[in-house]
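Report on the structure given below.
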Amino acid sequence: MTKQEIITKVNEVFEESFEIEKEKLQPQMNIFEDLGLDSLDIVDLVVALQEKFGIKIRDDERIRAIRSLGDIYQFTMTMQNKAK
Amino acid sequence: MQLKRVVITGVGAVSGLGTDVPSLIEGIEQGKSAVRYMEGWNQYNGLRCLVGAPAELKNEKAIPRRSRRSMGRMSIFAVQAVQQALVDADIPREMLPSGRLGCIIGSTMGSAQSLNEAFETLLPEKDLTQLKSMKFFQCVSHSAAMNVAHYLGIAGYVMATSAACASSLQALGTGYDLIRLGAQDVVICGGAEELHPMVTGSFDVLFATSSHYNHSPHQTPRPFDDKRDGLVCGEGSGILILEEYERALQREAKIYAEIVGYNTCGNGIHVSQSYMEAMISCIKEALNNAAVEPHDIDYINAHATATIQGDKEEAGAIREIFGNSVPVSSLKGYIGHALGASGAIELIIALMMMKKGRLYPTLNLKNVGAECNGIFHVTKPLKRDINILVKNCFAFGGINAALVCKKVNNT
C-alpha cells in the first residue's frame, strides 16, 4: 500500500466513523482539539483502523502518544510495513 | 402532607404514522394502518409473523455526533419526541439543569438493533476486539432515558422503567408520584421501543404474534375481533410532560389533562398468561386512587393487542367493572404494538380524543369475538365528551398498569 493509499484510507475512517469533513483532514490537525475526538472515540478509531487495514493495534502502547492525524498516518504506515 | 396535583402540559410522539403528533392523529382520523410487510424478515427460519409497523428515522443528524453516538434507533426516537413535547409545553431550557426537572423513559430493553450488532460482532469468533465503545450505551435498558438526559443536560431524577408493555405507563405513574410528593416540579415521562425481527421473534416463539395476514398487513392486528390472531410489533416513542398543577397554572400553560389516579401491580401467577382477576384488581385500585367510580369514566383506552387470550381477559375485566356502558377502543390496529412505548403513545392519542370530543374506533374490529362481547366497543368514530378516561397496559411478566386522567375545566 502506498503512502497516499494509507492517507486516503485513514481519512475514510475519519469521514465514516466521526463524520468529519474531508477539508479538515490535514496531517497537522490535532485529533482532539481540532477534530473533536475524545477518549471514547479512540476506542472506535482503533476498531475502525483494525478493520480497514487488517492489523492488530488494540493493545499497542504507542496509540497513547498519538495526537495529530499525521501521527496516525505514520503509525499506520509503520504497522503496514511491519506486517509485510 | 397535602399531595400536589399533577397535569400534562406537553406531548410528543414518533410512530408508524409519522414523526410528530399531528401526523399521528391525522393518520388515525383517516383510518390508516402503519402495518407493512417487512422485507427481509422471511430469511429468519421459523419466524411466522412477517409484518410490523415501522417508524421513519429521519433528521437524526440534527443531533450532534458526540451525543448521537451513544444512541440506538429508539433513543433517537425518544430525543425527537422529547423535543416536540418540550416545545409543546413551552418549558424553558434553563429549567432542564435545575434539578427540579426529571426524565423517566421506559422500554422493554435497549436498542434491539444494537444488541443484535453486538452479538454478531462478539459471538462468531468470541472476539471482543471489534466491539465499539458505544455499543454498551446503546444496549443498556436505560439507554433512552440516559441519552435524553445527557443530550438535554437534565440534572434531576433520571430513571428507566422496564416492564415490557407497561414500561411507559409505569414511567408516567412514577413521574406522577414524584411530582405529587414534591420531589420534582416537572418530569419528562414516556417510553421508546424499536422494531426488530428479534423483538417480534420473542413473541413469535410464544405463538403470540399475528401470522395469517402477512400478505394483507392492513388487516392486522385485529383487537377484540373474532378473526384476531395475535399482535404486530410497532416502534417509536411517546413522551408527555408532567407538571405540578399550581406551577402550570401560574405560567398559564396549556393543560391537556390532570392525572388523578394510577396503579401498577403484578399478577403473581404466570409470566405470560393474562389474568382477568389481576386486571380487575389493577383497574379498580387505579379508580380508588383517583376517588372515582366506574360510572364516572367516559372512555377506556384498552391495551388489547389482538392476542386470543389477552383480549378475552381484558374484555372480561372491563365487563366486570364497567358492564357495557363505557366506550372502549384499542389503537393497536393503527400503529401496531409499540411495546414499552405503547402506553405513552396511546395515552397521547386518547388525550387528543378528550380535547376534540371524539372517540377513535378500534381499527380492524369487524365482528366482536364471542368472548370479547358485553362491553361497549367503539367501531366507528363517535362524538362524545370525555371528562375522565382510563388507560390500560398489561405486560408480559404479569405486570399490569392503569392510569386515570381527568379534563381540567378551568383552562
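Points to keep in mind about this one:
Residues checked against (1) without any contact (Cβ under 8 Å) to a residue 12 or more places away in the chain; (2) away from chain B (no Cβ under 13 Å); (3) part of a helix (DSSP H, G or I):
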residue	(1), (2), (3)
A:Leu40	yes, no, yes
A:Val46	no, no, yes
A:Leu49	no, no, yes
A:Arg62	no, yes, yes
A:Gly70	no, yes, yes
A:Gln74	yes, yes, yes
A:Met77	no, yes, yes
A:Asn81	yes, yes, yes
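- Leading residue by the ranking (surrounded by the fewest Cβ atoms within 10 Å (Cβ to Cβ)) among those in region B:266-288 that are touching a helix residue (DSSP H, G or I) at 6+ places or on another chain (Cβ under 6 Å) and modelled with pLDDT under 95: B:Met276
- For region B:220-265, the candidate set comprises residues that are within 19 Å of B:Ala183 (Cβ to Cβ) and touching a Cys at 6+ places or on another chain (Cβ under 6 Å); within that set, the residue that is surrounded by the fewest Cβ atoms within 10 Å (Cβ to Cβ) is B:Ile259.
- Selection count where residues are away from chain A (no Cβ under 14 Å) and either at pLDDT below 95 or assigned to a helix (DSSP H, G or I) (or both), scope region B:148-158: 4
- Taken together, the residues in region B:80-89 that are open to solvent by less than 10 Å² (accessible area, probe 1.4 Å) and in contact with an Asp or Glu (Cβ under 9 Å, 6 or more places away or on another chain) amount to 2.
- Filter result (of a type in the set (D, E, K, R), over 16 Å from B:Gln43 (Cα atoms) and either in contact with a Leu (Cβ under 7 Å, 6 or more places away or on another chain) or not assigned by TED's automatic domain parsing to the domain that holds B:Ala112 (or both)) within region B:193-213: B:Glu193
- Number of positions in region B:176-208 that are open to solvent by 10 Å² or more (accessible area, probe 1.4 Å) and of a type in the set (S, T, N, Q): 1
- Candidates in region A:17-38 are the residues that are part of a helix (DSSP H, G or I) and under 12 Å from the mean Cα position of the chain (by Cα); of these, the one that is nearest to the other protein chains (Cβ to nearest Cβ) is A:Phe18.
The values are calculated or read from the model by the stated rules, or taken from the named source; none is laboratory data. Just so we're clear, the structure is a prediction, and the values are computed from it rather than from any experiment. Using ideal geometry, Cβ is built from the backbone for each residue, glycine included, and neighbour counts are taken over all protein chains shown. Ligands, DNA and RNA are stripped out before the accessible areas are found, and what is left, the full protein with its side chains, is counted by its heavy atoms. Shrake-Rupley method; radii C 1.70, N 1.55, O 1.52, S 1.80 Å.
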